[in-house]
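Student: Let me begin by handing over the structure; questions about it come next.
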Amino acid sequence: MRPLGILGGTFDPIHYGHLRPAQEVQRALALEEIRVVPAANPPHRQPPVANAAQRLRMAELAVEDFPGFRVDDREYRRGGPSYTVLTLESLRAELGPRPLCLLLGVDAFLDIETWHHWTRLPELAHLVVMQRPGWQIPAPLSAWAGPRLARDPRQLAGASAGYIYFQAVTPQDISATRLRAAIARGEPVAGQLPPAVWDYIHANRIYSV
Ligand code: ATP
């Protein structure tokens, strides 16, 4: 069975720094599909500027140009804190033994030991870490991560969960925080996110002052 990719995030707003690296992972690992899962109530951070329905809608608009990407609204429907472990548990219950790949930027990977029940995450999915400008892959890896390192993507297809794989991707120096600030200042941001997402932000004056 081909692995399924899961790309979670606050997506406030979704941008090409999320979408293009994920598309490169999709191709490199021959993923069947990428589930884009907006966090309705992201823990560990300031409340988002756009509300959950707006962030979900922006994700839906964004994936129209990305074949094989599908928005999954389970964190929106579930309510409560949007813990990744709960999302992976519910996907695992639905999908059986199929390999699941949780896609993360290096920044998120560096933070993972603070996530709710984080030791469960590699029991539920592989962790596929995408390079991100400004962050370095830790060397050496921590004691829990080192033995899980996969060097060949075929290892991921051969197991349901448990490996960590670092995927080189074309660097996308884009962050949602900087995008919001640029929009508030009225600067051009068109090349950083899909046109339909920008049109939606503009029409609804989401990040403008
Ligand atoms: P912010 O700048 O507000 O922190 P963000 O741009 O990091 O937001 P998130 O929704 O928090 O967006 O990120 C979701 C996931 O996408 C995380 O795993 C994050 O590491 C990854 N990601 C975000 N931007 C990039 C990027 N430019 N390159 C690679 N991965 C990224």
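Each reported figure results from applying straightforward, stated rules to the coordinates on display, with no laboratory input. What you see is a predicted model; the values in this text were computed from it and never measured. Heads up, the Cβs are rebuilt from the backbone with ideal geometry, glycines too, and the neighbour counts pull from every protein chain shown.
Student: GLN46 to TRP135: extension gain in nm, 0.36 nm per residue of separation minus the Cα-Cα distance?
Tutor: 29.9 nm is the gain from fully extending GLN46 to TRP135.
Student: Which of LEU31, LEU100, LEU127 moves most in a GNM of the chain, Cα contacts under 10 Å?
Tutor: LEU31
Student: Another question, if that's okay. Considering only the other residues whose Cβ falls under 15 Å of the Cβ of TYR163, what net charge follows from Lys and Arg at +1 and Asp and Glu at -1?
Tutor: +2
Student: What order, most packed first, do the peptides 145-152, 128-135, 197-204 have when packing is the mean number of other Cβ atoms within 10 Å of each residue?
Tutor: Ranked from most to least packed, the peptides come out as 128-135, 197-204, 145-152.
Student: For ALA143 and ASP199, FRET efficiency with R0 = 35 Å and r from the beta-carbon atoms, rounded to 0.05?
Tutor: 0.15
Student: Tell me the Kirkwood hydrodynamic radius of the chain in angstroms, computed as one over the mean inverse distance between distinct C-alpha pairs.
Tutor: 17.4
Student: Would you list the P(r) distribution for the range 148-187, with all Cα-Cα distances sorted into 5 Å bins from 0 and each bin expressed as a whole %?
Tutor: 6, 19, 17, 9, 9, 11, 10, 9, 9, 2
Student: Which whole-angstrom value gives the distance between the alpha carbon centres of the range 11-39 and the range 56-103?
Tutor: 11
Student: Over the Cα atoms of the range 22-63, compute the convex hull volume and normalise it per residue, giving Å³.
Tutor: Convex hull of Cα atoms, per residue: 95 Å³.
Student: Same structure, new question: For VAL128, list long-range residues whose amide hydrogen, built 1.01 Å from N in the peptide plane, is under 5 Å from its own amide hydrogen.
Tutor: Correct list: LEU102, LEU103, LEU104, TYR165.
Student: Quick one: Kirkwood hydrodynamic radius for the range 41-96, alpha-carbon pairs, angstrom, one decimal?
Tutor: Roughly 12.7 Å, rounded to one decimal.
Student: Here's something else I'd like to know. Once the convex hull of the C-alpha atoms of the range 118-161 is built, how many Å³ does it hold per residue, rounded to a whole number? Provide the component values of the computation, followed by the final result.
Tutor: Details: hull volume 4.0 nm³, N = 44.
Dividing the Cα hull volume of the range 118-161 by its residue count gives 92 Å³.
Student: Compute and list, largest first, the equivalent-ellipsoid semi-axes of the range 93-209 from the alpha carbon gyration tensor, each √(5λ) rounded to a whole angstrom.
Tutor: Working: eigenvalues 224, 56, 38 Å².
Ellipsoid semi-axes (Å, largest first): 33, 17, 14.
Student: Using only the alpha carbons of the range 7-88, determine the length spanned along each of the three principal axes and report them from longest to shortest in whole angstroms.
Tutor: Over the range 7-88, Cα extents along the principal axes are 33, 23, 20 Å.
Student: Any idea what log10 I(q)/I(0) is at q = 0.11 Å⁻¹ for the range 43-163, Debye with uniform C-alpha scatterers and no solvent?
Tutor: Debye curve over Cα of the range 43-163, log10 I(q)/I(0) at q = 0.11 Å⁻¹: -0.44.
Student: Tell me, what HN-Hα J-couplings in whole Hz come from the Karplus equation 6.51 cos²θ - 1.76 cosθ + 1.60 at θ = phi - 60° for each residue of the range 73-86, using x for Gly and Pro?
Tutor: Each residue's phi maps through the Karplus curve to give 9, 5, 6, 5, 6, 6, x, x, x, 8, 7, 4, 4, 5 Hz.
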